[in-house]
């Protein structure tokens, strides 16, 4: 199963809403996704594409990081699975550098 990032949800629903009125549930989904998205969809997409290039991050974690836009090392640790993917400080900094570069 593929994880759908918030920026893709916003982009898809915005495109559909420009063509026709959204059903009530879809309008609520768009509203929720826009509120939860921490940056513009194009910026989140760029962050995602750059994070996918980091060999130590899975696609799922790249998606979560692009949606959450971590700003501090603690934010990166919150994204990791409960068993704590063992990232060292240089890897955490690499994630933060990608986010900062794209903001």
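Where a number appears in this text, it was derived from the coordinates with a stated rule and is not lab data. Predicted model, so just to flag it, every value in this text is computed and none were measured. Cβ: placed from backbone, ideal geometry, glycine included. Neighbour counts: every protein chain shown.
Averaging sequence separations of C-alpha pairs under 8 Å and six or more residues apart, then dividing by the length of the chain, give the relative contact order as a whole percent. Spell out each step's value before the answer.
Details: 85 pairs, mean separation 29.4, N = 103.
Computed value for the chain: 29 percent relative contact order.
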Query raised in the report: Cα axis of helix 59-68 to longest principal axis of the chain: angle in degrees, 0 to 90, nearest 10?
Result: 70
**Report entry** Computed [θ] at 222 nm, deg cm²/dmol, the chain (DSSP H ≥ 4; -39,500 (n - 2.57); rounded to nearest 500)
**Finding:** -21000 deg cm²/dmol
Query raised in the report: Angle, helix 24-36 long axis vs. longest principal axis of the chain, Cα atoms, 0 to 90°, nearest 10?
Result: 30
**Report entry** Rounded to 10°, Cα long-axis angle of helix 41-52 versus longest principal axis of the chain
**Finding:** 30
Report task. Could you calculate the FRET efficiency of residue 1 with residue 34 from 1/(1 + (r/R0)^6), where r is the beta carbon distance between them and R0 is 30 Å, rounded to 0.05? Result -> 0.80
